[in-house]
Amino acid sequence: LSAEMAAGKIERLGFGVGYRLCERLAQGRPLLTIQQSSSSNDGGSNTAADDGGGGHLEAVKFLCKEFWVEVFRKQIDKLQTNHRGVFVLKDHDLRWLKRLPADDERARVAAIKLLAFPCGLIRGALSNLGISAVVSCDFLADGKNMAACSFNIKIKT
């Protein structure tokens, strides 16, 4: 139970950092498509929110390219979407997990705690862009590389 509470606290810290960092990064950049799309989805029709409309896709692309580069000095390796508000961001070489041994259960538990922070970063950045989402993470199971992981983003409608 205390491990879950610790992970929750780390995720909340990541949320705050992600929210503020996104605000700083978006300050000097024209993100009109994100802001217009999110504000037009506030009332009435929710078709753009359901299909992962242009605003959501643009926001996630911003995360993958500019936001991720600021935090990890590299872009996300792969972005996938079902165009219904679900996005999967894959990073095959996350710096923070590089040196963890692949076959150690304690290292896996530590990695799950570490990944709570980037989950919070993503959720905070999306929140700053006016998008409410649930973010989870998982390891890409190849058995020998602990640093490969994916982040699953589900846009709340």
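The values are calculated or read from the model by the stated rules, or taken from the named source; none is laboratory data. Predicted, not measured: the structure shown is a model, and the values here were computed from it. Cβ coordinates were reconstructed from backbone atoms using ideal geometry, including for glycine residues, and neighbour counts include every protein chain displayed. SASA here: full protein model, heavy atoms, side chains in, ligands and nucleic acids out. Shrake-Rupley method; radii C 1.70, N 1.55, O 1.52, S 1.80 Å.
Couple of notes before you dig in:
- All positions within the stretch 1-12 that are over 10 Å from Pro118 (Cα atoms), of a type in the set (A, V, I, L, M, F, W, C) and touching a residue at least 60 places away in the same chain (Cβ under 8 Å): Ala3, Ala6, Ala7
- From Ser132, Ser127, Ser150, residue being in contact (Cβ under 8 Å) with a residue 24 or more places away in the chain, open to solvent by 20 Å² or more (accessible area, probe 1.4 Å) and in contact with a Phe, Trp or Tyr (Cβ under 9 Å, 6 or more places away or on another chain): Ser127
- Considering residues of the stretch 1-39 that are surrounded by fewer than 13 Cβ atoms within 10 Å (Cβ to Cβ) and outside any helix (DSSP H, G or I) only, the residue modelled with the lowest pLDDT: Leu1
- Contact annotation: residue pairs with Cβ atoms under 6 Å, 6 or more positions apart or on different chains, pairing a residue in the stretch 74-96 that is closer than 9 Å to Cys64 by Cα with a partner that is charged (D, E, K, R) and in a helix (DSSP H, G or I), are Gln75/Lys65.
- Lone qualifier among Leu121, Leu129, Leu115 - being in contact with a strand residue (DSSP E or B) (Cβ under 6 Å, 6 or more places away or on another chain) and either at pLDDT 90 or above or over 23 Å from Arg12 (Cβ atoms) (or both): Leu115
- Of the residues in the stretch 149-156, none is in a loop (DSSP other than H, G, I, E, B), among the hydrophobic types (A, V, I, L, M, F, W, C) and modelled with pLDDT of 85 or more.
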